[in-house]
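Report on the following structure.
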Amino acid sequence: MDNFIVSNVDRSREGWTEEEMAFDPRILASQRPLWDALKKTINRLVNKVTVSNVRNVAKELLSENLIWGRGLFCSAILKTSIASHTFTPVFAALVAAINSRYPDVGYLLIKRIVEQFKIGCKQNDKHQLVPLVKLLAHLVNQGVVHELLAVEFLFVLLQDATEDNIEVAAILVRQCGSTILESNPRGLAAVFERFREILQDGDMDKRAESLIESLFAIRSSRFSSYPAMRPELDIAESADQVIHEISLCNDLDPEMYLDVFHLDPQVLMSDEERYKMLKAIVLGEEDYEKHADDGAAKSNQGISEEDSSIEDKTETDVENLKKTIFLTMMSGIDFEDAGHKLLAIPLRQHQEMVICNMLLDCCSHQKTYSRYFTLLAQQLCLLKEVYRENFENCFLLQYSIVDSLKTHKLHNVAKFFAHLLSSDSLTWHILGCIRLTEENTAATTSSSGMFIKILFQELAKELGVPLLKKRLNDPTLQGSLDSIFPKNNNTRNLRFSINFFTSIGLGGLTDNRRENLRTMQKQNHQVSSHSDQGTQSFGTGGSKPFQ
């Protein structure tokens with residue numbers, strides 16, 4: 001119990017604070033046996049997998065907590081593939097089945113393969129490289145990783161064309177050359193051109209030359225002797241597969257701490273029931289609905305029809321709904337899959353706002369902005385009008401409390417709504433709540449100024465300045481934008497607005513307002529010295545920085 005690591009990965013992803021991560025020691029004692037049991041189960045299932053039982057083993061693994069034990073699973077796959085080269089295609093098929101449901105697991109395994117490949121190349125260790133390239137080749141065949149990574153491996157191996165490197169490269173080409181030939185023939189042609197140069201140099205011994213010549217013969221037969229995949233190992237649906245695009249140039253974290261016991265906040269949230277629900281979601285929508293129906297039947301057991309109208313005032317149902325929504329969002333293959341599953345969740349009246357708030361909270365708690373939650377929100381807005389209205393209300397609320405938001409949350413929220421506006425998922429009339437004025441410092445604070453800055457810079461990035469300018473000049477929006485681009489006789493506020501947008505690099509949006517300002521100044525013969533100074537700055541192309 002002394003040796004544990006608190007996971008920082010899921011903490012930012014799920015919005016856990018430092019206070020929430022301060023667990024009771026009794027919880028540590030209760031989680032350690034679960035971890036040990038999970039480790040034994042994963043190792044047992046990976047070690048017993050064969051061609052005949054790979055489907056059953058995949059189902060058994062999917063019923064385990066692979067989110068918590070993803071490091072254990074990847075470690076077991078790498079160890080067993082090194083120990084048993086002949087079973088590598090089976091291990092790759094197992095990984096493909098898991099990756100179609102838990103893409104994070106497949107991504108972690110690829111990162112570890114890349115890091116170990118780099119180490120093997122530095123140490124010139126052929127015995128370490130051979131099982132790695134075999135596993136990578138079959139993961140390419142299974143559609144878990146993009147074939148460009150295999151091409152990169154080949155060029156790294158052939159850059160220093162030693163006999164061992166040529167042997168390792170030959171193994172990689174034989175195992176996945178058929179897939180590369182079909183999906184990236186130019187990349188394979190470049191690889192064989194490098195083989196040709198090595199052969200023409202004549203610096204290799206007879207064995208290396210024989211290997212290269214055999215590769216050209218295999219290529220001429222279009223890899224007929226080396227098919228990409230055995231039919232019985234094609235167990236993952238291609239439509240469900242997530243292909244990871246990783247490069248050797250990427251700075252990757254193999255997350256080795258995941259192999260050691262660490263606290264899992266998700267277990268604490270709802271214990272085993274959470275994973276029963278997650279398993280139902282991962283194994284398919286029908287199973288999820290069946291699980292939901294079973295749960296409803298159990299909860300209604302012993303309650304008569306006349307008592308069914310009793311309303312739960314403890315908000316337990318709301319908490320359970322939030323857990324279901326969170327699990328559905330995080331278990332989706334992509335945002336479209338998660339969106340359809342969210343719409344399938346039975347909701348009572350006005351509970352759509354719970355989904356909207358959770359989406360916004362998940363996005364705001366990320367350390368860096370994630371488009372996944374925004375794309376999911378966009379899909380909901382386009383499919384149901386009620387979500388559009390709720391997200392518009394969320395925008396009004398977030399702008400009203402912008403001073404209380406931390407910096408990273410403020411950035412994420414602004415980018416979240418900028419994307420929804422640029423995609424027309426929300427109506428632009430909600431911008432009417434923004435007050436950009438110099439007279440009322442309570443309306444335009446440093447936090448609200450930063451929010452407006454990020455919002456409009458993201459809109460310009462999404463739409464481009466010309467299109468954004470056209471949208472802002474839409475006659476139907478002018479009433480809502482008066483608080484941002486004032487048109488009244490208050491030249492002070494108008495100058496403040498022009499200076500603000502100029503200072504954030506979007507002065508082109510204020511061209512019409514500059515003309516309005518010049519017109520008002522011509523009509524007003526009693527201009528203050530402060531106004532004269534502001535007018536001259538516009539004529540020289542300068543701007544007053546926003547404080």
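Here is how the numbers come out for the structure above:
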item	result
From the options G106, G143, residue that is under 28 Å from R44 (Cβ atoms) and not in a helix (DSSP H, G or I)	G143
Residue in segment 96-109 that is more than 28 Å from M330 (Cα to Cα), modelled with pLDDT of 90 or more and of a type in the set (A, V, I, L, M, F, W, C) present	no
All positions within segment 366-422 that are open to solvent by 80 Å² or more (accessible area, probe 1.4 Å), aliphatic (A, V, I, L, M) and under 23 Å from K461 (Cβ atoms)	L382
Inter-residue pairs, beta-carbon under 9 Å, first closer than 20 Å to N141 by Cα and in segment 211-223, second of a type in the set (S, T, N, Q) and part of a loop (DSSP other than H, G, I, E, B), 6+ apart	I218/S224; I218/S225
Helices (runs of 4 or more DSSP H) contained in segment 221-336 and holding at least 1 residues of a type outside the set (D, E) and modelled with pLDDT of 50 or more	265-282, 316-331
Segment 406-428 residues that are assigned to a helix (DSSP H, G or I), paired with ones that are of a type in the set (F, W, Y) (beta carbon under 7 Å, 6 or more apart)	L410/F451; H411/Y369; N412/Y369; A414/F451; K415/Y369; F417/F395; L420/F391; L421/W428
Test: residue in segment 523-545 that is within 27 Å of S400 (Cα to Cα) and modelled with pLDDT of 75 or more	no
Only listed residue being open to solvent by 30 Å² or more (accessible area, probe 1.4 Å) and either in contact with a Ser or Thr (Cβ under 6 Å, 6 or more places away or on another chain) or over 28 Å from V49 (Cβ atoms) (or both), chosen from S225, S214	S214
Qualifying residue in segment 191-203 (condition: small (G, A, S) and in contact (Cβ under 8 Å) with a residue 60 or more places away in the chain)	no
Answer residue from segment 46-62, given it is open to solvent by less than 50 Å² (accessible area, probe 1.4 Å) and not aliphatic (A, V, I, L, M) and is farthest from A83 (Cα to Cα) among those	N53
The one condition in (1) modelled with pLDDT of 75 or more; (2) surrounded by 20 or more Cβ atoms within 10 Å (Cβ to Cβ) that T510 fails to fulfil	(1)
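The values are calculated or read from the model by the stated rules, or taken from the named source; none is laboratory data. All figures in this text were calculated on a predicted structure; none of them were measured in a lab. Here the Cβ is made from the backbone with ideal geometry for all residues, glycine too, and neighbour counts use every protein chain on show. What goes into the accessible areas is simple: the full protein's heavy atoms, side chains included, and nothing from ligands, DNA or RNA. Shrake-Rupley method; radii C 1.70, N 1.55, O 1.52, S 1.80 Å.
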